[in-house]
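Note sheet for the following structure.
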Amino acid sequence: MFTNLPPVTKALLIINGIVFLLQIMLGERAYAIFELWPWVPGGIDALGGGQAFMPWQLLTYGFLHDPSNFAHLLFNMLALLMFGAPLEYTWGQRRFVTYYLVCIAGAGLCQLLVTTWMISQGLPAGRTLGASGGVFGLLLAYGMLFPNQRVMLLIPPIPMKARTLVIIYGAIELLLGFTGLQPGVAHFAHLGGMLFGWLLINYWRGKPPFSRSGSRVRRF
C-alpha cells in the first residue's frame, strides 16, 4: 500500500519518521529551537530553559513528536495516511501541501496565542510539538469533501459518516480545551488546525467569509 501512496503524503510520512529517529539520537537540546515556545514581550525566555519563540517554529513544530510517546506519532501518521491520501488524489499535490502547511501554521498560531496568554496570567505553559494540528485540518477537509463516506474509529471500533466524526471530534476538543480535563494536550491547536482548514476551503470555494461575486472559483 505504501508504494501506491501519492507523493506528498508519502513524503510527509517519511519526513516525520526520519525526524523522529533524529530526535531520539540527538536529544532535545539539538531540536528545542524548532519546537513551538510561548512568546514573551522582549523575547525573554518564559521557562528558563534558554528557548523563546521564533517565527519558523510555527511550521517546524509540526514535524516533531515527543520521543517518549511513540503512540502520538503512530496515530498522527495513521490519520495522515487515512485522510491525506484521498485528499491529495482529489486536490493534487500543490493544493494538498498548501492546505496541510496552512493548517500546521494556523494551529501553531492559535496555540501560540493561548500559551502567550497563559504566561501573561502567570499560568504554566511550555513547548508544543506534533502534527496533530495538521491532522485535524485533514480530518475537517475529509468531512467537508466526503461527508457521507463511512469511516471506522479505532477506539472504539464504531462506523460512522465522516461528517459525524468531524462534529464529534470538534466538540470533544472544544470541551477539553475549555475545561482542562486533559492537560498536556494542545486542544486549541487541534481546533486551530480545523479552523484554518475551514477558512482555506471556504476561500477556495468563494464562500463566506470570502464571498467573491462575479469571480471564477474552482468548486470541489
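For segment 115-129, a tally of residues being exposed (fewer than 15 other Cβ atoms within 10 Å of the Cβ) and assigned to a helix (DSSP H, G or I) returns 2. Give segment 89-111 a look and list any residue that's under 16 Å from the mean Cα position of the chain (by Cα) and not small (Gly, Ala, Ser), or say none. Answer for segment 89-111, where residues must be under 16 Å from the mean Cα position of the chain (by Cα) and not small (Gly, Ala, Ser): Phe96, Val97, Thr98, Tyr99, Tyr100, Leu101, Val102, Cys103, Ile104, Leu109, Cys110, Gln111.
In the set Leu112, Leu64, Leu74, which member is surrounded by fewer than 20 Cβ atoms within 10 Å (Cβ to Cβ) and among the aliphatic types (A, V, I, L, M)?
The match here is Leu74.
Scanning segment 40-75 for residues that are at pLDDT 90 or above, over 15 Å from Thr115 (Cβ atoms), of a type outside the set (A, V, I, L, M) and in a helix (DSSP H, G or I) yields Thr60, Gly62, Phe63, Phe70.
Scanning segment 76-110 for residues that are among the small types (Gly, Ala, Ser) and in a helix (DSSP H, G or I) yields Ala79, Gly84, Ala85, Ala105, Gly106, Ala107, Gly108.
Does Ile33 qualify as being surrounded by fewer than 16 Cβ atoms within 10 Å (Cβ to Cβ), touching a residue at least 40 places away in the same chain (Cβ under 8 Å) and over 20 Å from Phe196 (Cα atoms)? No, not satisfied.
Among the residues of segment 184-193, just one is over 8 Å from Ala107 (Cα atoms) and in contact (Cβ under 8 Å) with a residue 24 or more places away in the chain, namely Ala186. Of all residues in segment 120-133, none are modelled with pLDDT of 90 or more and out of contact with any helix residue (DSSP H, G or I) (no Cβ under 9 Å at 6 or more places or on another chain).
Results for (1) within 29 Å of Val19 (Cβ to Cβ); (2) modelled with pLDDT under 85; (3) surrounded by 13 or more Cβ atoms within 10 Å (Cβ to Cβ), shown as yes or no for each residue.
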{"residue": "Val135", "(1), (2), (3)": "yes, no, yes"}
{"residue": "Leu145", "(1), (2), (3)": "yes, no, yes"}
{"residue": "Val151", "(1), (2), (3)": "yes, yes, yes"}
{"residue": "Leu175", "(1), (2), (3)": "no, yes, no"}
{"residue": "Leu181", "(1), (2), (3)": "no, yes, no"}
{"residue": "His187", "(1), (2), (3)": "yes, yes, yes"}
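Of all residues in segment 153-167, those being assigned to a loop (DSSP other than H, G, I, E, B) and either crowded, with 24+ Cβ neighbours inside 10 Å or β-branched (Val, Ile, Thr) (or both) number 2.
The values are calculated or read from the model by the stated rules, or taken from the named source; none is laboratory data. Remember, predicted model here, so these are calculated numbers, not experimental data. Heads up, the Cβs are rebuilt from the backbone with ideal geometry, glycines too, and the neighbour counts pull from every protein chain shown.
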